[in-house]
Amino acid sequence: MTTNTTLFPDQNERATLNKNLDQYIDASLTTIGKGTITPRENLTNFRKTLSAMQFQAPQNLDNLLQWTLNTLETGAVQMTHKGYLGLFNPAPSYPSEAADRIVSALNPQNCVWSHAPVAVEIEAHLITQICDRIGLPKGSVGHFTSGGSEANATAFLCALTRANENYAEHGARAFRGQPRIYISKESHLAWLKIAHQNGVGRQAIRLVPTDGHGCMSATALKTIIEKDTAQGDIPVMIAATAGTTNAGMVDPLHACADIAKTSKLWYHVDAAWGGALIASARERHVLDGIERADSVTIDAHKWFASTMGTGMFFTAHPETLTKTFRVETSYMPSNDEDVDLYVNSMMWSRRFLGLRLFLSLASVGWEGYAQHVEHGINLIDYLNTQMHKHGWTIANNSRMAVTCLIPPKHIGSAEDMVKKIVASGTHWVSLTKIEGQPVLRACITNGRTQKADIDALIAQCIA
Ligand SMILES: Cc1ncc(COP(=O)(O)O)c(C=O)c1O
C-alpha cells in the first residue's frame, strides 16, 4: 500500500514542481506576446507525437508540463495576445487565475452548504451584490454556471416550469400546444440546443425579425406572439439580448418587458457579455430595463475577464428555481432549499467557480471594472473614428467594445481584409454578418490591449 507520488507528491516535490511550472507559464506568456496569434504548430507532426503516446510507461511530469505549454504556445489562437480582437474569449484577469490555483489545490465541493460553508457564502454574497447592481428586486437569487448557455437553459427551464405545473413531471407533453420562446434572429443560437435539450424541440424557437440595426423589433415580437396565441401555441418566454454576440446591440429591453408583462410571459435578458456594463456608471444606461427581468444571464468569463467556465444566472423568483431543480436523496448530507446549490441549479458536483470573480471584484472594486470596460469602449470609439476617416462604414451602432466594419470599395471585401489581417499574425479579427451584410468584426477582449495595438490594426486596414 503505497501512495503514487507523481499523482500526490510530497510538499518538497510539490514546491519544486510549482516553482518550475510558474517559470514555464511566465516564459510561455512572454513567447505568446511576441509571437503570432494564430496556430503555427505542424499538426501532422503533433498528431504523430500524440498517437505515439499510448500511456504504457510513465513519463516525467516536469517534462510533460513544459511540453504542454510549448505545444499550446504554437498550437492555439492566443487569447492573451494584445492583438486578439476576436470572439469574446478574454485574456484572464490575474485574480481569476489565482482563484483557479487556490480552488484547484483545495477542491472544495460547493454543492451543499455544509461541505464548504465559506465558499458557498462567498458566492452567495457576490450573487446578491450583483443582483443589486443589476437592479433586481430584493430577495433575488442566483448561482454560478458553466457559462451563458447553461444560464440561458436554466432560464428556459424555470419559464417552462412556471408556465405549466405539470411540465416538471410530464415534460413537453404537459402543454396543450407547442410551447414558444421568442428571441431575435441576432440572438446567440445556443437557444436552439437549449430548446432541444429542454424537450420542447427546436421548433419552439421563434426568431423574431430585427429592426434593420440588429435589435429585436418589438412590433414584430408583439405580432408573432398574438398570431401564435391565436393558433393555439403556448408562448412561454421572451429572451431579449443585451449585447448581441456579433455586434453588441441591445434589444428594446423596456418594450420587451412590457410585452412580457401584458402576455404574462417569463422575461429573460441574456446579457452574457454586455452585462459587464453594470460596473460603469458612465455606460449603465445602455442596459436600462434589465432590472425588470424575471431572470438574467451574465458571463464572468467574457467582459469580466474571468477564466473560462464562469457564467452566472440571476432570478427574481427563488421559488421557481427551487421548484425546477428540487430533488431529494438519502446520500446527500442535507436538502436545504435555502442554501444547498444542488437543489437550486443544474449542476450537482460544483466547483467553487465564484472565487474567480470574487477575487477580481474585491481587488479592484466596481471602479476597477468600470475602468476596464470603459477602456475597451474608448479603444473601439477611437478605432471607429479613425476607420470612418479612412472611408470605412461602421455597421453597428453599439456602446459596447465591438465594431463591425465595412471596407470602402477600393480596399476590397470584408472577407479579404479579415483573411489578410489574420494571416499577418499580429491581430485576430473575425468575419461575420450583420443584417445580412459581411463585416470585419473587432472586439476588445484583452484588458492589456492599448492604443498602439489599435493603430497597428488601422495601418493594416488602410494599407
Ligand atoms: C449573448 C450570448 N449569449 C450566450 C452565449 C453563450 O455563452 P457561453 O459560450 O458562455 O455558453 C454567448 C457566447 O458568446 C453570447 O454572446
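The values are calculated or read from the model by the stated rules, or taken from the named source; none is laboratory data. Computed from a predicted structure; not experimentally measured. In this analysis, Cβ positions are derived from the backbone assuming ideal geometry, glycine residues included, and neighbour counts consider all displayed protein chains.
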| Subset tally (residues that are in contact (Cβ under 8 Å) with a residue 24 or more places away in the chain and assigned to a loop (DSSP other than H, G, I, E, B)) for the stretch 388-442 | 16
| Condition met for residue 41 (at pLDDT 95 or above, closer than 30 Å to residue 454 by Cβ and not aliphatic (A, V, I, L, M)) | no
| said: Residues that are surrounded by fewer than 24 Cβ atoms within 10 Å (Cβ to Cβ): list the strands (runs of 3 or more DSSP E) wholly contained in the stretch 204-314 that include at least 3 such residues. | reply: 205-208
| said: For the stretch 443-451, check the following and say yes or no: at least one residue is touching a helix residue (DSSP H, G or I) at 6+ places or on another chain (Cβ under 7 Å) and part of a helix (DSSP H, G or I). | reply: yes
| request: State whether the residues of the stretch 119-139 include one that is of a type outside the set (A, V, I, L, M, F, W, C), surrounded by 20 or more Cβ atoms within 10 Å (Cβ to Cβ) and more than 16 Å from the ligand (Cβ to nearest atom). | output: yes
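Each row is one residue, and each column tells you yes or no for (1) away from the ligand (no atom under 16 Å from the Cβ); (2) without any contact (Cβ under 8 Å) to a residue 40 or more places away in the chain; (3) within 27 Å of residue 115 (Cβ to Cβ).
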| residue | (1), (2), (3) |
| --- | --- |
| 257 | yes, yes, no |
| 273 | no, no, no |
| 278 | no, no, no |
| 282 | yes, no, no |
| 294 | yes, no, no |
| 298 | no, no, yes |
| 304 | no, no, yes |
| 308 | no, no, yes |
| 330 | yes, yes, yes |
| query | What is the residue count in the stretch 178-223 for residues that are within 21 Å of residue 158 (Cβ to Cβ) and more than 16 Å from the ligand (Cβ to nearest atom)? | reply | 11
| Identity of the residue in the stretch 1-56, assigned to a helix (DSSP H, G or I) and among the charged types (D, E, K, R), that ends up nearest to residue 105 (Cα to Cα) | 14
| remark: Subset of the stretch 140-173, residues buried (at least 20 other Cβ atoms within 10 Å of the Cβ), assigned to a helix (DSSP H, G or I) and either among the hydrophobic types (A, V, I, L, M, F, W, C) or touching a Leu at 6+ places or on another chain (Cβ under 6 Å) (or both), comes to 151, 153, 155, 156, 157, 158, 159, 160, 167
